[in-house]
Structures are given as C-alpha cells and as structure tokens.
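Scroll down for the structure; my scribbles are underneath it.
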Amino acid sequence: MFTLNCDRAYLFAHPERELTGEEQSRYEAALAERARGVPTQYITGHQEFWGMDLIVNPAVLIPRPETEHVIETVLELHTSDLRPQTSDFERESPRSEVRGQRSSVLRILDVGTGSGCIALALAKEFPHAEIHATDISAAALEVARANAARHQLEKRIQFHQADLLQGLNLSDLDFVVSNPPYVGESEEDQVQLEVRKFEPRAAVFGGPTGVEVIARLLPQAYAALRPGGCLVFEISGTIANAVQHLLIASKDGWENVRILPDLQSIPRVAQARRPKA
Ligand SMILES: C[S@@+](CC[C@H](N)C(=O)[O-])C[C@H]1O[C@@H](n2cnc3c(N)ncnc32)[C@H](O)[C@@H]1O
C-alpha cells in the first residue's frame, strides 16, 4: 500500500498487478529500513490518532493509542462540569460573556505537543475552544504545524516554543493537558530498542526517575489554570505512585486527584483540579 500509494481494496482488486523495477526497489528499501528496526510509522511518515491521519518523522514521538485516554478524560471532565453548572450552548458558543461573567470559551493548553496529536484532537472536539500548544523542540513544532494545516486547524491552535509553560504568560485556562516525557533514565535498558534508538530522547526520558519533568510541570500548570480548571496528563504504571504523591503532597492543594487505567488496566492518566477558590 505504501509503495503503490493505494488502499487495501486496490491490492485485492488487482492481484495481477506487478511491481515495476522502480517500485520494487522502493519496496525493498522500505523493508531494509524496517529490518534495521526503524518503526513503520517513520518509514511511511504516517500515524493515525483520534481518527486523523498525522504526519510523523523522527523529530516527534509516534502518537500511541493509549494517549487517546487523555482526550477521553478531558471530554469526561468537561461533560461532568457542564451537568450542574452551565448549558451546552453557554460552554460551547463562540467567545461571549455569560451573564457578565468570564468568557465561556474553553481555553486549553497542550504541553509537549510533539506531532500535535492531543491539541488537534481537542481542537476537533471543541470547535470553539482557544487552544495553545507548546514544545521545547522547534523541529517537533514544525511537524505539529504541518499536521494542523493538513486538518484545516492551523487557525485554531497557537503554537509556542517553550520550556513547559515558561514565558508563555497564559492564565485562566480550563485545561492543561500533556503527554510529558516520563520514562526514567534509570530504566533505559527496559525500554524497547526501537523506541530508544529511533524516537526523540527528549520525548521519552523525563529525568533520572521519570517524574522530573512532571514535578516541574505541576506548579506551572496550577498557576496557569483558572480556579476549578483541570490538569490531565499521561503517565505509566511505573511512576503512578510517585505522581499521585506529588499531587497529593503538593502545597498547592490539588483536588479531585485520580489515576485512571488504560484498556490493559495499567495506570495511564492522572487528573487533578485546581480548587474552585
Ligand atoms: C511523550 S512526547 C508527547 C508528544 C505528543 N504530545 C504525543 O502525545 O504523542 C513529549 C513531548 O514533550 C516535549 N518536551 C520535552 N521536554 C519538554 C519541555 N521541558 N518543555 C516543552 N516540551 C517538552 C518533547 O519534545 C516531546 O515532543
């Protein structure tokens, strides 16, 4: 399919089709790359996430299906927020003042956007939201911008090159979301060879124990959230206890701290709410 730039149906419908010499050598080149361990997605340049086809290259982490739980958690928190408080119309209408109070437009920040997968999925789900996305890597941001343009979302997302939230001057956010680097350098030899060799190191490793980036993210996210706003981020089973401890022991007093499992019952998402006032 990759070599012929066709879909599966075409292959089944044309079993007689033979590869030209040029196609054969492209096919063999792709196989050789795969044989030396290059992830398929870096060979084809594509990965699906939340129903969208995204461009990927070695500057960005390949989006994982587990990360879709971050989107689901935001949707669930948003819906549960709506129930007792405001109507769908109020929360999802374009920027407007609700009865003289704060604007009803959702304001969301994705920290460490990589390919842009989380920011794009949320832009799709919340058509009127104001969305910001950061990454420390200029090369990653280039991919995220290209993906936004491919999905006609480039006007919906503001991209910033930053170390976490530093220098962004963002406040009053409804959600800070992130899939931060969270693998400990001390467990490097347990990480799949393909990940270690081919995915960006800064996207995978979060310091000696894996929670160092998260520990820096928590107070910055707290300061940027509105009272009642939520932090939602991806974690692994290895760091779940440490993350829960960081949130509960924090002097900021996060509320509604929960660790949610993925489909394999592995702790995968942490959520916490800035107290309402
Ligand atoms: C695990 S990847 C997640 C990428 C994407 N959000 C996803 O879910 O596939 C982490 C991303 O955070 C970025 N990153 C690492 N340290 C950062 C920092 N201090 N500030 C901002 N971004 C950072 C990396 O460049 C990488 O793109």
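For the pair the range 16-40 and the range 153-205, the centres of their Cα atoms are 32 angstrom apart. Using a probe of 1.4 Å on the protein chains alone, the accessible area found for Trp50 is around 50 Å². Structure remark: mean-square fluctuation, Gaussian network model of the chain, C-alpha springs under 10 Å; the largest value among Pro261, Pro180, Pro65 belongs to Pro65. For the chain, the solvent-accessible area works out to 50 Å² per residue, with a probe of 1.4 Å and every protein chain left in place.
Along its three principal directions, the equivalent ellipsoid of the range 157-277 from the Cα gyration tensor extends over semi-axes of 25, 18, 12 Å, largest first.
Can you show me the helix-derived [θ] at 222 nm for the chain, built from DSSP H runs with n ≥ 4 at -39,500 (n - 2.57) apiece and divided by the number of residues, rounded to the nearest 500. Write down the numbers at each step before the final one.
On the way: 11 runs with 101 residues, N = 277.
The per-residue figure over the chain is -10500 deg cm²/dmol.
In a DSSP loop and with at most 12 other Cβ atoms within 10 Å, the trypsin sites (Lys or Arg not before Pro) in the range 1-82 are Arg17, Arg36. Note on the chain: GNM, Cα springs under 10 Å; of Val243, Val191, Val105, the largest mean-square fluctuation is that of Val191.
When you restrict to C-alpha pairs under 8 Å that are six or more residues apart and normalise by the size of the chain, the relative contact order lands at 15 percent. Along the chain, the longest continuous region that contains none of the GluC sites (Glu not before Pro) in a DSSP loop with at most 12 other C-beta atoms within 10 Å is 19-277. The relative contact order of the range 199-277, computed from alpha carbon pairs under 8 Å that lie at least 6 residues apart in sequence, is 33 percent.
Carbon and sulfur: what percent of the range 166-251's accessible surface (1.4 Å probe)?
52 percent
For the pair Ala277 and Gln264, the difference between a 0.36 nm per residue extended length and the Cα-Cα distance amounts to 1.0 nm.
The 1.4 Å probe gives accessible areas that order Thr238, Thr73, largest first, as Thr238, Thr73. Site pair Ile43 and Arg145 shows an inter-label distance of 3.1 nm when each label is modelled 7 Å from Cα along Cα→Cβ.
For the chain, build the convex hull from the C-alpha positions and give me its volume per residue in Å³.
Values: hull volume 41.8 nm³, N = 277.
Convex hull volume per residue, Cα atoms: 151 Å³.
Of all the options Thr44, Thr67, Thr113, the one that moves most in a Gaussian network model of the chain with Cα springs shorter than 10 angstrom is Thr44.
The values are calculated or read from the model by the stated rules, or taken from the named source; none is laboratory data. Given the structure is predicted, the values throughout are model-derived calculations rather than measurements. Every residue, glycine as well, gets a Cβ built from its backbone with ideal geometry; the counts of neighbours run over all protein chains shown. Please note that ligands, DNA and RNA were not included when accessible areas were found on the heavy atoms of the full protein model with its side chains. Shrake-Rupley method; radii C 1.70, N 1.55, O 1.52, S 1.80 Å.
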